[in-house]
Each structure stands twice: as C-alpha cells, then as structure tokens.
Amino acid sequence: MFSAFRMGFLGVHAGSLKNKTVVITGASAGLGATLAVECAQQGARLVLLARNAERLEAVARECEQLGSEVLTVVGDVAIAEDGRRLVEAAIERFGRIDYLVANAGISMWTEFAAIEDVTLFRTLMEVNYLGAVHCVHPALPHLKKSKGLFVAISSIQGQVGVPLHTGYSASKHALQGFCDALRMEVAESGVGVMTVLLHWLKGTELRQRALGKDGKALGDASREHRAEAVSLEKAAQAIVRGMQKRRRQLYVPRRLRLLAMVHALWPALAEWVVKGKVAREEG
Ligand SMILES: NC(=O)c1ccc[n+]([C@@H]2O[C@H](COP(=O)([O-])OP(=O)(O)OC[C@H]3O[C@@H](n4cnc5c(N)ncnc54)[C@H](OP(=O)(O)O)[C@@H]3O)[C@@H](O)[C@H]2O)c1
C-alpha cells in the first residue's frame, strides 16, 4: 500500500527504457560507455556525446549491434553551444528526449598547496558543473514535454569533501546544489532530477586523466583503485534501475549513504574515515 501511495501521489513509477531516447554525455569511455551499452540492452534509442570521435563511434557500433538506434555528436560539454547542438541533434533525429544523463567528468589528484596554476579549478567547474548546466538548460523544454528525467552523475564528493580533490569536490558540490534547487523548480512540470553519488569505480580512465599540480593529466603517475571500488557494470546497472524508478538520489553502492549520514551527524568522524581511505589509496 505504501508503494502504491508513493507511485500514485509522488509520481514514482518504474518505467521501461524501450524506445525511450536517452542522451548521455561522456559516452566514449568509462561509465558513460558502459551506461550506453546497458541502455542499449534495455531497448533505448541513444544520443551519445564526447570529444573523441573515434572512440565514440566504437561505443555506438557496440550499441547498434545490440539493436539500438544511435546518434553520435562530437562535442565538448564545457562549451555551451555544444550542449545546445547536442539537444538540437537529438530532437531532429528522435523528436524527443526522455532521459538526459550528464556524465562527462574530469578529476584531480593533488594537494591544494602544491597547485602551480589555479586554472585547474576553472577546468573542473567548466566540465563537471557547467558541463551539466550547458546540456540540461536547452533540454529542459523537451524533458517537460516527455515528463523526463535529468540524471547528474556525481560522486559522494558532492556531499563529503575528500583531500587531494579540493577542486573536484567543489565542482560536485556545485552540481549537487544545482540539482537540489532545480528538482524543486521543475517538480510540478513532471520532470525528475536524479543525482548519482558514486564511490570509486574500477576500470575507468578518470584517474589517468585526473589533473596534477601542473594542471596536466597524471597519466601513468596515477594510482590504481583498490579492491573496494565498484565495477562499471554494477554501477551502470544500478543507475539504470534508478532511472527506471525515477529515484531522486542514488548512492552506489547503497552503503555509501552511511558516510553521508555520519558526515551530517558527526563530521569529524566522517573526515577521519575519508582521510584514512585516501591515505590507503596513496600508499
Ligand atoms: N571513476 C570513478 O572512480 C568515479 C567516482 C565517482 C564519480 N565518477 C564520475 O563518473 C563520471 C564518468 O567518469 P569515468 O570514471 O567514466 O571517467 P573516464 O573513464 O575518464 O570517462 C570520462 C568521459 O567523459 C568524457 N569527457 C571528459 N571531458 C569532457 C568534455 N569536456 N566534454 C565532453 N566529454 C568529456 C570523456 O570523453 P572524451 O575524452 O572523448 O571527451 C569520457 O568519455 C564523471 O562525472 C566522474 O566524476 C567517477
């Protein structure tokens, strides 16, 4: 009865992705590519954006082999015009947008005091925060028509700061604040906003591409993830389930919500836990 109440009154309903149009940014690698494949398996039509055309096409071909119709758009989310082009191309090809997944992202791994050029902060904000804004702003009228869902791929760092990630944590906090405010503004129009707060993921290039103290990608100097990181497949499956249930906030893995709770109630304890984890990744 409680679930019927939730479904009826709160507009929460499990929906299939079959023939839905799903737009995913940062789909040429890592989580975005795995999400595209997962959505293709569920029968979605896809619009995929990234800067690397060759890798984007390879992901598109994999999705097409699963029976999905796919449109690729080469672009950079840091450029507002590219967000607008993405939305226009999606509407021209498929006529609607049901889900917009703002996934494109970039990280950092360096102590704040060691940073040589603070431009690095601007880059992180332009991709992780403004990159999402640049896509959802032109997409909003179409999401209103479809009563669709905006999905922001964030991190637990959107709620809890992590050492060596000052600029990344700040950009994901900005994204979280934006989504929390937008959710209230658009609720009555039937548009949902889901934030995804992830733990570390295994098998992505985020750490190799993370910016170091000189503002350049760390490459081989980056750290490997430890065993507790989540696999891309598990994360993508959890996100698609969350999209179907139109969740407002999704922690992956679910136990990660404990850290957010501890942080709200006893921040010093949460900081001790986080510092210990980062020190182990460093070691
Ligand atoms: N990996 C983790 O441990 C982890 C943890 C928490 C949250 N996340 C979040 O998950 C998301 C995906 O990260 P990932 O781990 O899959 O990283 P990844 O393997 O480095 O993939 C990042 C994707 O974003 C694209 N991208 C980067 N900058 C872009 C830009 N300016 N414009 C358009 N596309 C851009 C890249 O493609 P091109 O280079 O072809 O443009 C690539 O497809 C990010 O938002 C990240 O913050 C990851």
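The values are calculated or read from the model by the stated rules, or taken from the named source; none is laboratory data. Model, not experiment: these values are computed from the prediction. With ideal geometry, Cβ positions are generated from the backbone for all residues, glycine too; neighbour counts draw on all protein chains shown. Only protein heavy atoms, including side chains, enter the accessible area calculation; ligands, DNA and RNA are left aside. Shrake-Rupley method; radii C 1.70, N 1.55, O 1.52, S 1.80 Å.
Laid out as a table, the results:
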item: Loop-resident sites, segment 80-115, for trypsin sites (Lys or Arg not before Pro), counting at most 16 other Cβ within 10 Å (DSSP); result: Arg96
item: With all protein chains modelled, accessible area of Arg280 [1.4 Å, Å²]; result: 130 Å²
item: Ser171 - accessible surface, heavy atoms, 1.4 Å probe, Å² rounded to 10; result: 0 Å²
item: The chain: most fluctuating residue of Ala181, Ala89, Ala60 per GNM, C-alpha cutoff 10 Å; result: Ala181
item: Heavy-atom SASA rank of Trp200, Trp266, Trp272 (probe 1.4 Å, accessible area, largest first); result: Trp272, Trp266, Trp200
item: Residue with peak Gaussian network fluctuation, the chain [Cα springs, cutoff 10 Å], from Ala132, Ala229, Ala152; result: Ala229
item: Rg/Rg_globular for the chain, with Rg_globular taken as 2.2 N^0.38 Å and Rg from C-alpha atoms; result: 0.97
item: Furthest towards positive pole of dipole, Gly75, Ala33, Ala187, structure part the chain, Cβ charges; result: Ala187
item: Point-to-point label distance, Arg84-Leu258, nm (Cα→Cβ direction, 7 Å offset); result: 4.8 nm
item: Helix 256-265 axis, angle to the chain major axis (alpha carbon atoms, nearest 10°); result: 60 degrees
item: Antiparallel DSSP beta bridges within the chain, percent to nearest 5; result: 5 percent
item: Where Cα atoms sit under 21 Å apart: lysine pairs in segment 2-256 separated by 8 or more or lying on different chains; result: 17
item: Largest-first ordering by accessible area, 1.4 Å probe, given options Lys202, Lys172, Lys145, Lys216; result: Lys145, Lys216, Lys202, Lys172
item: Radius 14 Å from Cβ of Gly43, net charge of other residues (Lys, Arg +1; Asp, Glu -1); result: -1
item: Mean separation of Cα contacts under 8 Å, 6 or more apart, over the residue count of the chain: relative contact order %; result: 18 percent
item: Met184, Met108, Met125, ranked by accessible area, largest first (probe 1.4 Å); result: Met184, Met125, Met108
item: Two-decimal Rg/Rh across segment 137-240, once Rg and the Kirkwood Rh are taken from alpha-carbon atoms; result: 1.04
item: In nm, spacing of pseudo-spin labels at Lys147 and Glu233 (7 Å Cα→C-beta vector); result: 3.5 nm
item: Cα-based shape type of segment 88-140, given that a ≥ b ≥ c are square roots of the gyration tensor eigenvalues and the cut on a/c is 1.5; result: prolate
item: Built amide H within the under 5 Å cut-off of Ile106, gap 5+; result: Asn128
item: Stokes-Einstein D in µm²/s, Kirkwood radius over Cα pairs - segment 190-245 at 25 °C with 0.890 mPa s viscosity; result: 185 µm²/s
item: Cα centroid separation - segment 25-93 against segment 214-283, whole Å; result: 25 Å
item: Phi-based couplings in Hz for segment 23-32 (Karplus 6.51, -1.76, 1.60; Gly and Pro marked x); result: 9, 10, 8, x, 9, 8, 7, x, 4, x
item: Karplus-derived 3J(HN,Hα), 6.51/-1.76/1.60, for each residue of segment 127-132, Hz, glycine and proline x; result: 8, 6, 9, 5, x, 6
